[in-house]
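Notes to accompany the following structure.
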Amino acid sequence: MGDDKASNQMWGGRFASGPAAIMEAINASIDFDRKLYAQDIRGSLAHSEMLAQTGIISAADQEKIAHGLNTIAKEIEGGTFAFSKKLEDIHMNIEARLAELIGPAAGRLHTARSRNDQVAVDFRLWVKDEFNRVAAALKDLIAAFLDRAEEHAATVMPGFTHLQTAQPVTFGHHCMAYVEMFARDLSRVRDAIERMDESPLGAAALAGTGFPIDRHRTAKALGFREPTRNSLDSVSDRDFALEFLSVAAICATHLSRLAEEIVIWSTPQFGFVRLSDQFSTGSSIMPQKKNPDAAELVRAKTGRVNGHLIGLLTVMKGLPLTYSKDMQEDKEAVFDTAETLDLMLAAMTGMVRDLTVNEAAMKKAAGSGYATATDLADWLVRELGLPFREAHHVTGRAVALAESKKAGLEKLSLEDLRSIHLGITADVFSVLAVKNSVASRKSFGGTAPAEVKKQVRAWKKRLAKA
């Protein structure tokens, strides 16, 4: 009695019943891998059909297996399936229920298959499905930016380096920068799907099987391009999960940069944009405040996504071939990242479509900080033939003079400018206006409204094919 009491105190709390409770808690994955139920049933159906077609099991047994699996799918989707932690994972839960439903025929389903290749194919199917969801969400976000870019192709705003006013650009051009960024994310998604589009089913525990299975048949049935080519790698590979997390982390970083800009732009000091109440909250004590909480939370969730990538990289870095139980840690990271990224993309797409642009504030800011100084330097090079370094020096003196007069460059008189360089003519004022500066940037990919509209048209065509 005394020993039992001491033992219970040692294990304590949630694990008072001793080592068995601890082992069940650390070993079971059903609380999270139940998300794989649809993929597990798809894999089992394809495997059983192949077993019957190759004569490894009878058609009658396969028919019973298929009926049982479809029944289980309906039970899970209807919320009547009883998940058991004692059965460890989704695979064993489904297998046990199948045996209850159809009897001994259920035992034939696991012929020429191991839980190692079973979980590998289930997880690949799930990640592939999620990649396709992310691709659709990215296309929606890109479409939202294209609409805003087209709407604001000529809306002038300051362009920044070091968060200091650099040169005038258009808001449409700024939107198109994010089109490029998220389109690269979409490209990474497509590339990753191409790389992972191989079925590990049939690799069995690690060495393949002696049964005359047809792995090409099951790969095709599950929508994979082909089967994997090495059984050892098939059950130990988690590159596809790491790549999902990597793609998600890069995409989340882009979302976070955009969120940061929305936070800055929505401050009274900038006043460039305004979010509706749908994506903002008020202060509990300051009635005048409107907080861009949705953008801030997108920015914060990037850290969560990045953490999952580092976590799984750390899990995988020391594992010898082939399967180790450590790999059970892969799913929670991927599942949580998927949910987080889905929410981030939806929130940001909503904000991009929702925000109101303050064109007047943007235009006023675009002319601050001597934003057309580079245009002056370019004019000196182009019209007077000055070396750029000399033109840079002359422009610096002009900016200093404007600062001393507390005026913009365009407000300096011709006499003021000629006092710095006698070759300057009245034609210089054509480049000192912000609108003219923007319109002059007609190089491919430049900020000129005509060029922005050209890029919008090209991207709309490209997106339709993506």
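The values are calculated or read from the model by the stated rules, or taken from the named source; none is laboratory data. Quick caveat, the model's predicted, so the values are computed rather than measured. Please note: Cβ atoms are built from the backbone with ideal geometry, for glycine as well, and neighbour counts cover all protein chains shown. Areas reflect the complete protein model, heavy atoms only, side chains present, ligands, DNA and RNA absent. Shrake-Rupley method; radii C 1.70, N 1.55, O 1.52, S 1.80 Å.
Taking the conditions (1) in contact with a helix residue (DSSP H, G or I) (Cβ under 9 Å, 6 or more places away or on another chain); (2) open to solvent by 40 Å² or more (accessible area, probe 1.4 Å); (3) within 30 Å of Val298 (Cα to Cα); (4) not β-branched (Val, Ile, Thr) in turn, Lys411 satisfies each one other than (3). Right, Ala192: under 21 Å from Arg238 (Cα atoms) and free of Cβ contacts under 8 Å to residues at least 40 places away in the same chain or not? So Ala192 fails the test. Taking the listed residues Lys405, Lys331, the one that is of a type outside the set (Asp, Glu) and open to solvent by 50 Å² or more (accessible area, probe 1.4 Å) is Lys405, with no other qualifying. Cβ-Cβ distances below 8 Å connect the following pairs, each with a first residue in region 290-313 that is in a helix (DSSP H, G or I), a second residue that is aromatic (Phe, Trp, Tyr), and a separation of six or more residues or different chains: Asp293/Phe279; Ala294/Phe279; Ala295/Phe279. Looking only at residues of region 419-435 that are touching a residue at least 60 places away in the same chain (Cβ under 8 Å) and not in a loop (DSSP other than H, G, I, E, B), we find that the one that is least open to solvent (accessible area, probe 1.4 Å) is Leu432. Going by what's in this entry, would Ile65 be described as modelled with pLDDT under 95 and in contact with a helix residue (DSSP H, G or I) (Cβ under 8 Å, 6 or more places away or on another chain)? When the stated conditions are applied, Ile65 does not pass them. Close Cβ contacts (under 6 Å, 6 or more residues apart or on different chains) running from residues in region 395-406 that are closer than 18 Å to Val431 by Cα to residues that are assigned to a helix (DSSP H, G or I) and of a type in the set (A, V, I, L, M, F, W, C) comprise Thr395/Ala373; Thr395/Leu376; Thr395/Ala377; Val399/Ala373; Ala402/Leu409. Say whether the condition of being more than 24 Å from Glu198 (Cα to Cα), surrounded by 15 or more Cβ atoms within 10 Å (Cβ to Cβ), in contact with a His (Cβ under 9 Å, 6 or more places away or on another chain) and of a type outside the set (Lys, Arg) is met by at least one residue in region 251-263. Yes; the residues of region 251-263 include at least one that is more than 24 Å from Glu198 (Cα to Cα), surrounded by 15 or more Cβ atoms within 10 Å (Cβ to Cβ), in contact with a His (Cβ under 9 Å, 6 or more places away or on another chain) and of a type outside the set (Lys, Arg). Taken across region 350-371, residues that are acidic (Asp, Glu), open to solvent by 20 Å² or more (accessible area, probe 1.4 Å) and modelled with pLDDT of 90 or more do occur, with at least one present.
Against the test of being crowded, with 19+ Cβ neighbours inside 10 Å, in a loop (DSSP other than H, G, I, E, B) and not aliphatic (A, V, I, L, M), the options Phe224, Phe211 yield a single qualifying residue, Phe224.
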